[in-house]
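Notes follow once the structure below has been shown.
The values are calculated or read from the model by the stated rules, or taken from the named source; none is laboratory data. None of these values were measured; they are calculated from a predicted model. Don't worry about glycine lacking a Cβ; one is built from the backbone with ideal geometry, like all the others, and counts go over all protein chains shown. These accessible areas exclude ligands, DNA and RNA; they are computed on the full protein's heavy atoms, side chains included. Shrake-Rupley method; radii C 1.70, N 1.55, O 1.52, S 1.80 Å.
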Amino acid sequence: MIILRGIGTGPYVGVGRVKKIENDEDLLDLKGGEIVVVSRASRDMVSYLHHAGGVVTDYGGLTSHVAIVLREMKVPCIVGTGTGSKKLKEGTIVTVDGKTGNIYEGFMEREGKTDSTEVYYPATKIKVNLNIPEIAWKVAPWADGVGSIRIENSIIRTGKHPQVLLEEGRLSKVIAESVRLIADAFHPKPVWFRTFDIATDELKRLEGGNIEPEEHNPLLGLRGIHKDLKNPEILKAEFEAISELLSEGYDNLGVKIPLVRDVSEYREAKKIMGEAGIRPHRDLPVGASIETPSAVFTLDEFIKEGVDFVTLGMSDLAMCSLAVDRRGVKVAKHFNLTHQSVLKMIEMVIKKCNQNHIETCICGHAGSDPAIVKWLVEAGINSVSTNPDQILKIRKIVTITEKTMIRKGFAKLK
């Protein structure tokens, strides 16, 4: 019997006893295999959840960082139930179906089809987004590179705010160690490092997190490159980690600047990169993550400034365009990645980049959505960066899409 519904974040199913998390001490009591129920899951909780039988939250959306990381860990997760922490009773056995978003009373078996293990090799590059460096060796043979190293989780696993690590002289070391694992596994395939993009509410629980401001809507607040530029020493430490790896001979690295609102932010970030001993565009490729309408409509200025590649963040672009908090349960129905305004902006970016021979890559949740990926390939995107567990599936979808486009092209010539 279905007792609750939410938003499923992946294909995994878990069964276990409900364990409610109301404070940090409850996290320490987790033994493994429990169905963890929490009102809001923050990124710093992830290190406690990798042995969970499943995770259920009241709030959050499909594109939240916790949902993405748990999917990478193959932990069943359902977000946005609204009342899960109140309705699910401590100690009861439930089944969490991460595909349907259904939570069942007791143990329920679910039959599912397994994907074909046949590997397809489309012309469009199929890359991967990585939150967990340790799994890089498992996925590297199947991907054409890394579209986004999300280093934030390596920082949060230390339990310390980046400022504390900086003051301890450890920030660059922590970053370099994680990126080195990925660059090693994928060499000589390209690996793009994304500078920090951590919302303030995800840092508050860390040691030293009390320096973060109170924000009612952190996703539209102090984050992305704007946040790092307010503390350039942290950004410089990030670049120093990359500089160290370059000096060690890693020649497959690239850097992308996230959530740029204006070319001035991109320019200032490159200036700090230079202070860390990196020559942008010469020592390594540098790109911008286009996630705001302002960046879309000033793309010419980025191209003039110099950009080696562009990644597209459809989740943030949709949030900014539609004025909808993508983690908000009450406004979730208005969050639409395929809204015409979003698609038109994406088309504009892809077309202009293709005209200027600049590689475009979709990252984030959209790179794992078959319908969106099909549309992006038809729109002319150069590469797709998807979740680790979706690489083979997306390879097949892209191959079929490309073949269909070729057949249609031949049909027009007849």
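A few notes on this one:
- Fully extended contour minus Cα-Cα distance, from E134 to I400, at 0.36 nm per residue: 92.6 nm
- Share of carbon and sulfur in the accessible heavy-atom surface of segment 219-306 [1.4 Å probe, %]: 47 percent
- Coupling constants for segment 200-211 follow from the phi torsions by the Karplus curve (6.51 cos²θ - 1.76 cosθ + 1.60, θ = phi - 60°), and in residue order they are 4, 5, 7, 9, 4, 7, 7, 4, x, x, 5, 7 Hz; glycine and proline get x.
- Pairs over the 29 Å Cα-Cα cut-off, from the set K138/K374; K138/K333; K20/K236; K204/K393: K138/K333; K20/K236; K204/K393.
- Cross-link partners of K403 among aspartates and glutamates (Cα-Cα below 14 Å; sequence separation of 8 or more within a chain): E378
- Stokes-Einstein diffusion coefficient of the chain, Kirkwood radius over Cα pairs, 20 °C, 1.002 mPa s, in µm²/s: 98 µm²/s
- Eligible aspartates and glutamates near K173 by straight Cα distance, threshold 17 Å, same-chain separation 8 or greater: E134, E152, D184, E233, E238, E240, E244, E248
- Gyration tensor (alpha-carbon) shape descriptor, segment 144-285, a/c threshold 1.5: prolate
- For the chain, the 222 nm mean residue ellipticity estimated from helices alone, with every DSSP H stretch of n ≥ 4 adding -39500 (n - 2.57) and the total spread over all residues, rounds to -11000 deg cm²/dmol.
- Distance violations [Cα-Cα > 32 Å] among K74/K160; K125/K230; K189/K351: K125/K230
- Antiparallel bridge percentage (DSSP; both residues within segment 1-121; nearest 5): 60 percent
- Centroid-to-centroid, using Cα positions, segment 265-279 and segment 346-414 are 31 Å apart.
- Placing +1 on each Lys and Arg Cβ and -1 on each Asp and Glu Cβ, with no other charges, gives segment 343-414 a dipole about its Cα centre of roughly 440 debye.
- R0 of 30 Å, Cβ-Cβ distance E118-K408: FRET efficiency to nearest 0.05: 0.80
- Of G14, G61, G208, the residue with the greatest mean-square motion in the GNM of the chain, using alpha carbon springs below 10 Å, is G208.
- Rule-of-thumb Rg ratio for segment 328-412 [Cα; 2.2 N^0.38 Å; N residues]: 1.19
- Karplus 3J(HN,Hα) series, Hz, for segment 288-302 with 6.51 cos²θ - 1.76 cosθ + 1.60 (x for Gly, Pro): 10, 9, 8, 9, 10, x, 4, 6, 4, 7, 10, 4, 4, 5, 5
- Across every pair of non-identical alpha carbons in segment 52-143, the mean reciprocal distance, once inverted, gives a Kirkwood radius of 15.6 Å.
- Given their separation in residues at 0.36 nm each and the Cα-Cα distance between them, R267 and E301 gain 11.2 nm when the chain is fully extended.
- Computed over segment 1-67, the percent of Cα pairs more than 13 Å apart is 64.
- Amide hydrogen neighbours beyond the local backbone of I126, cut-off 5 Å, H modeled: D144, V384
- R0 of 60 Å, Cβ-Cβ distance K86-R282: FRET efficiency to nearest 0.05: 0.60
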